[in-house]
There are 2 protein chains.
Amino acid sequence: MEPLELLECSPPLAREPLTAEQAAGVARVFKALGDPVRLRIVSIVASHAGGEACVCDITDAFDVSQPTISHHLKVLKDVGVLTSERRASWVYYRVVPETLQELSALLNTPATV
Amino acid sequence: MEPLELLECSPPLAREPLTAEQAAGVARVFKALGDPVRLRIVSIVASHAGGEACVCDITDAFDVSQPTISHHLKVLKDVGVLTSERRASWVYYRVVPETLQELSALLNTPATV
DNA sequence: CACGCGCATAGACGGCTGTCGAAATTGCAG
DNA sequence: CTGCAATTTCGACAGCCGTCTATGCGCGTG
């Protein structure tokens, strides 16, 4: 499943209606962020020292099982919000700033009058 | 179901991990935006002349049934993305810029090194 | 007042999703 | 090579979600 390029130039939502294809692509990312656990995962990774966190760091912060965390990480990775890198026995996750920036720009309402 | 105030000061995701409560609140909004039809609805309303659109305007843009559109509008209204106002026989919907602005600020990654 | 139109609600149904425990995979150490 | 530790994958299951049809409600018009 490719990370899917979002929008070439990220026009604000209010500029003109999104096409069905654009909406489908962007909705995938919002959907991934639409889970409390995943949202916290992103914030944990983003705010972690060095901008990265291993799975064990993340798992410790939740009461859900470790496979469940792994599942959420896969979802976030599939939509291009996170990337992963294996070093020794641990897998480290990082956020992809470009993806979040795209969404941020999209939601940046230009004084909708 | 109250529109739920998001975050008092909208700290970026990377500042510090969200609490479970914060994440739950924000995730509700992202979840609402995580559907292609709803995302297009928001963009249609936001880009419509006068910043508002009646249900008939929106329904015409989709192939789904009118009750389905009405359901999506309710979801977006419940999380504080849209507001509605009845004038005569028609109901007009508007975006709530503050809500989208909150999310935009949250995703605005501050150069995550 | 009664009808028609615009929109919302109710109920039903198939498919997706979050969760789990168990098993497989990968890499390191001995 | 063998065993261990960290992580992913698998299979299953309950609950949620998007969609539909049918129905109800509000409002303007004749």
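The values are calculated or read from the model by the stated rules, or taken from the named source; none is laboratory data. All values derive from a computational prediction rather than experimental measurement. For neighbour counting, all protein chains shown are included, and Cβ atoms are generated from backbone atoms with ideal geometry for every residue, glycine included.
Identify, from the list B:55, B:64, B:96, B:113, the residue that is surrounded by fewer than 20 Cβ atoms within 10 Å (Cβ to Cβ) and modelled with pLDDT under 95.
Working: B:55 fails: modelled with pLDDT under 95; B:64 fails: modelled with pLDDT under 95; B:96 fails: modelled with pLDDT under 95.
Residue meeting the stated conditions: B:113.
Against the conditions (1) at positive phi; (2) surrounded by fewer than 18 Cβ atoms within 10 Å (Cβ to Cβ), where does residue A:80 fall short? Just the number, please.
Here residue A:80 clears every test but (2).
Name every residue in region B:39-94 that is near DNA strand D (Cβ under 10 Å from one of its atoms) and in contact with a Lys or Arg (Cβ under 9 Å, 6 or more places away or on another chain), in order of residue number.
Across region B:39-94, the qualifying residues are B:62, B:72, B:75.
Residues that are at the interface with chain B (Cβ under 10 Å from one of its Cβ atoms) and near DNA strand C (Cβ under 10 Å from one of its atoms): which helices (runs of 4 or more DSSP H) entirely in region A:31-113 hold 1 or more of them? It would help to see each step written out before you state the result.
Values: elements: A:36-47, A:55-59, A:66-78, A:97-107.
Answer list for region A:31-113: A:36-47.
Just to check your reading of the model, which residue among B:42, B:64, B:96, B:37 is in contact with a His (Cβ under 9 Å, 6 or more places away or on another chain) and closer than 25 Å to residue A:99 by Cβ?
B:37
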